[in-house]
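The values are calculated or read from the model by the stated rules, or taken from the named source; none is laboratory data. All values derive from a computational prediction rather than experimental measurement. Every residue, glycine as well, gets a Cβ built from its backbone with ideal geometry; the counts of neighbours run over all protein chains shown.
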Amino acid sequence: MTTHSIKTAGSAARSAAQTAVAAFAAILLGSFLLYGVGFAQPQQIHDAAHDARHSFAFPCH
Amino acid sequence: MDLIRRLFTAALVAGVLSGTAASVVQQATTVPLILEAEKYEVVTPPPSTAASAPAGGHADGHQHGPVREIGEGVPTTLDEAVQRIGLTIAANLITGVAYALLLGAAILLAGRPVDARRGLVWGMGGFVAVSLAPSFGLAPELPGMAGAELELRQLWWLSAAAGAGVGMLALAFARNRLVIAVTLLAAALPHLIGAPHPESAEGAVPPELAARFVAASLGGAALFWAILGSVCGWLMSGLVGASESRPALRVQPGVR
């Protein structure tokens, strides 16, 4: 268990920057997609995502 | 770069699988209710709105969005029906990928080992954050239901979801009690302030339809999140908690 913890800590430190960059990229793209599908108000986007928005309980109209 | 590629691949697969499952469930549960509700949808703005905001530029509490005609959007031909279902499936897949990216980022930042089972717990957390917590104040609504101003409701929805998400993450991972207390307060705040509701709750949709829709929406979302979380956890199992410690991680499920 101790060796496991040490190994985990070691390689976590090694990839801390990579982890931050990957997580940031995922949050950025995820938020962008979520805004488009759930919140953006242009009529065509609203109409296309209409049934999905209601089903997922996003405020729609 | 490899980490990003694997994270995005996991999110893509999890999002597509959960979005596909949601699409099937929706066509059997929520979508028929939406189509039924659209028959009752408001044709013209309520008289009070028409009188107080003739130009349409002034947003008030009774705004119902664009004026729709009876049955607008309800598919009348096969082509329209196919197109509408196709667009809904596409929107579901995008929703799945978007949520999977956010959940994957949270799993990665938490840095704890995951597998399909722990992923299921993560998924249930996602369900509570973006489905259950916002629905506590703003029930999933059908077309034609009375609602307060859209921007207010969107803002409240985001506050409730973000607050609940951060609160649960703090409960699970924060060591500092002050941090936990502050985030729990932030999670409670939208509910203490109260969700924006219209002055008179008199929508055109029969309450029986609305009640069935709320249950169907939440149930479908729970299934969606269960699949999304499990698949995310499964595909990210070698990604978090360091690849070198893989053998040790493999032992754990057997131990339990």
Item to complete: Test B:Gly123 against the criterion of being crowded, with 17+ Cβ neighbours inside 10 Å and not aromatic (Phe, Trp, Tyr), and give yes or no.
Response: yes
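Identify the residue in the stretch B:137-171 that is more than 14 Å from every other protein chain (Cβ to nearest Cβ) and under 21 Å from the mean Cα position of the chain (by Cα) and, among all such residues, is farthest from A:Ala52 (Cα to Cα).
B:Ala170
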Worksheet item: Is it true that some residue in the stretch B:103-124 is within 14 Å of chain A (Cβ to nearest Cβ), basic (Lys, Arg) and within 15 Å of the chain's Cα centre (by Cα)?
Response: no
Discussion item. Which condition from (1) under 17 Å from B:Leu102 (Cα atoms); (2) modelled with pLDDT under 95 is the one that B:Cys232 breaks?
Written reply: (2)
Discussion item. I'd like the full set of residues that are touching a residue at least 24 places away in the same chain (Cβ under 8 Å), small (Gly, Ala, Ser) and assigned to a helix (DSSP H, G or I), limited to the stretch B:204-244.
Written reply: B:Ala210, B:Ala216, B:Ser217, B:Gly219, B:Gly220, B:Ala221, B:Ala222, B:Ala226, B:Gly229, B:Ser230, B:Gly233
Worksheet, complete the sentence: Every listed condition ((1) more than 14 Å from every other protein chain (Cβ to nearest Cβ); (2) modelled with pLDDT of 90 or more) holds for B:Leu218 save (1)
Practice prompt. Having 1 or more residues that are touching a residue at least 60 places away in the same chain (Cβ under 8 Å) is the bar; report the helices (runs of 4 or more DSSP H) wholly within the stretch B:87-194 that clear it.
Written response: B:116-127, B:133-137, B:150-173
Item to complete: Only residues that are aliphatic (A, V, I, L, M), farther than 15 Å from B:Gln27 by Cα and assigned to a helix (DSSP H, G or I): list them for the stretch A:35-61, please.
Response: A:Val37, A:Ile45, A:Ala48
